[in-house]
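**Q** Take a look at the following structure, please.
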Amino acid sequence: MDIKNLSYWYKRYTEIIIDLAVAAGFCDDIMISEKAFTSAFLEAQKDIKILSYRRKVKKGISHGKIAGIFSFRFIRWQIVYLPAGLLGNSLALKLNYIAGLAFGLKMLGINISTVPNHLISELEYIMMRRHINQELIGICFEMMLAKN
């Protein structure tokens, strides 16, 4: 998994946002902060280095854990900005969380539309309203990979 190619992953992230917004019936004037994306991306890379060092990993970290780290960082940074007209749209307000989740799944070759809705809803709720860390997201991703 190539986690160094920032421009490649930024393009994938913008594609995810566009796909999600079009599917939900809104796409007008959504803004994606390249600066926030880059900051989250670099922070995720740093987390991976720290995790490798802390655990003295010799063979690398699992792909699910790596994707979980990226998802976690992307949901913690405000990357997606909405126009005033969408601030009352509950789906639009979740876009940053759903995009972070979809991004991690995309890193693993899983399209979010293929994951059962009840799993997405549960992860989305936990990310938005409860506490979740990057390793727990990674474990969830590992289980999804094992199922595919």
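**Q** Relative contact order for the chain: what percent, with Cα pairs under 8 Å and sequence separation of 6 or more? Show your work: numbers first, answer last.
**A** Working: 147 pairs, mean separation 45.0, N = 148.
Reported relative contact order: 30 percent.
**Q** May I pose another question? Given [x] 24; [y] 34; [z] 42, which label gives percent of Cα pairs over 25 Å apart as computed from the coordinates?
**A** [x]
**Q** Between R129 and D29, what length in nm is gained on full extension when 0.36 nm per residue of separation is reduced by their alpha carbon distance? The partial results should precede the final answer.
**A** Working: separation 100, 0.36 × 100 = 36.00 nm, distance 2.67 nm.
Length gained between R129 and D29: 33.3 nm.
**Q** Sticking with this structure for a sec: Taking the alpha-carbon distance from K94 and a cut-off under 19 Å, which lysines remain once sequence neighbours fewer than 8 residues away in the same chain are dropped?
**A** K106
**Q** Let me ask something additional. Work out the FRET efficiency for I120 and K56 from their Cβ-Cβ distance, taking R0 = 41 Å, and round it to the nearest 0.05.
**A** Computed FRET efficiency for I120 and K56: 0.75.
**Q** How many percent of the accessible area of the chain is carbon or sulfur, using a 1.4 Å probe?
**A** After summing per-atom areas, the C and S share lands at 55 percent.
**Q** Of Y53, I66, Y10, which is farthest on the positive side of the dipole of the chain, counting Cα position, with +1 on Lys and Arg Cβ, -1 on Asp and Glu Cβ, and the Cα centre as origin?
**A** Most positive-ward Cα: Y53.
**Q** Moving on to the next point. Figure the gain on full extension for N89 and R76 (residue separation times 0.36 nm, minus the Cα-Cα span) and round it to one decimal in nm.
**A** On the way: separation 13, 0.36 × 13 = 4.68 nm, distance 2.03 nm.
Full-extension gain reported as 2.6 nm.
**Q** In region 38-147, which trypsin sites (Lys or Arg not before Pro) are in a loop and have at most 15 other Cβ atoms within 10 Å, using DSSP for the loop call? Numbers along the way, then the final one.
**A** On the way: sites: K46, K49, R54, R55, K56, K58, K59, K65, R73, R76, K94, K106, R129, R130, K147; in loops: K56, K58, K59, K94, R130.
Qualifying residues, ordered by number: K56, K58, K59, R130.
The values are calculated or read from the model by the stated rules, or taken from the named source; none is laboratory data. Model, not experiment: these values are computed from the prediction. Positions of Cβ are backbone-derived with ideal geometry, glycine not excepted, and every protein chain shown enters the neighbour counts. What goes into the accessible areas is simple: the full protein's heavy atoms, side chains included, and nothing from ligands, DNA or RNA. Shrake-Rupley method; radii C 1.70, N 1.55, O 1.52, S 1.80 Å.
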